[in-house]
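Structure first, commentary second.
The values are calculated or read from the model by the stated rules, or taken from the named source; none is laboratory data. This is a predicted model, so every value here is computed, not measured. Backbone-built Cβ (ideal geometry, glycine too); neighbour counts: all protein chains shown. Keep in mind that these areas ignore ligands, DNA and RNA; they rest on the heavy atoms of the full protein, side chains included. Shrake-Rupley method; radii C 1.70, N 1.55, O 1.52, S 1.80 Å.
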Amino acid sequence: MTQSDLDWAELVQLDERNARQARSLLYHSYRDEPTFRYLLGADRPGYRQRIRATIRELIYLHFERGETVFGVLDKTSQRLLGVVFVSDVGLKMDISRQLRWRLKMTLTAGFEATRRFISYYNDVQSSLPDKRHRLVSLIGIHPDFQKRGLGRMLMEAVHELTEQDNESIGLFLDTGNTRYLSFYESLGYRSFAELPLGELTETVLFRPNPNYAEQAA
């Protein structure tokens, strides 16, 4: 896949005006993902409501914090086809201390789902080093446009952002879906940590920043 093959797609930076489209896209991307199915109890009634609520509150939290969100649009229709949410400053965020977020999550997704999600999120954060870094927290491609190079386009934008900061050691992400591992490995990621998540294993992946100051020294 070359850049010329994607002339119909446009990479843009999103803001809260794009929240509704992003919610719909990420719902379709995550509803069958093993991590979300475990955390939000896919075997219990109301799963779709819980996953919609969780995605909505995560998106709003990102926009409230002013963090970077990249999207891919169809140039002709301006339809949002892919999105990635990035935690920018490398500061660990304990979402259990985000009282407004926690309350809204509890009211919409339920106490147990909120408890599980906070525990998972903080376990991932605790596995990361204290040095400055970025974290991909949400990424999704519309099901009709997968395997067409859009995911790589989004990730390359995040890589470029990360590499502009020579104080950042690199970029982290996590997944409980093993079928994505080869894709991330092709982008230069390596396994950093493995976390138990029910019967799943959540793999934390790391892509080092080649411009990190200590590496260049």
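Numerical summary
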read-out: Enumeration of residues in region 1-23 that are under 16 Å from Arg56 (Cα atoms) and either charged (D, E, K, R) or open to solvent by 60 Å² or more (accessible area, probe 1.4 Å) (or both); value: Asp15, Glu16, Arg17, Arg20, Gln21, Arg23
read-out: Matching entry among Arg52, Arg31, Arg37 (being over 23 Å from Thr201 (Cα atoms) and not aliphatic (A, V, I, L, M)); value: Arg52
read-out: Residues being of a type outside the set (A, V, I, L, M) and either under 13 Å from Pro208 (Cβ atoms) or buried (at least 16 other Cβ atoms within 10 Å of the Cβ) (or both) - total across region 153-190; value: 16
read-out: Flag for Arg100 being in a helix (DSSP H, G or I), of a type in the set (D, E, K, R) and over 23 Å from Thr175 (Cα atoms); value: yes
read-out: Residue in region 61-80 that is without any contact (Cβ under 8 Å) to a residue 24 or more places away in the chain, open to solvent by 20 Å² or more (accessible area, probe 1.4 Å) and assigned to a helix (DSSP H, G or I) present; value: yes
read-out: Residue count, region 7-21 (criterion: out of contact with any helix residue (DSSP H, G or I) (no Cβ under 6 Å at 6 or more places or on another chain) and outside any strand (DSSP E or B)); value: 8
read-out: Arg52 vs. criteria under 22 Å from Leu154 (Cα atoms), free of Cβ contacts under 8 Å to residues at least 40 places away in the same chain and part of a helix (DSSP H, G or I); value: no
read-out: Which listed residue is out of contact with any Phe, Trp or Tyr (no Cβ under 9 Å at 6 or more places or on another chain) and not small (Gly, Ala, Ser), from Phe192, Phe145, Phe206, Phe172; value: Phe145
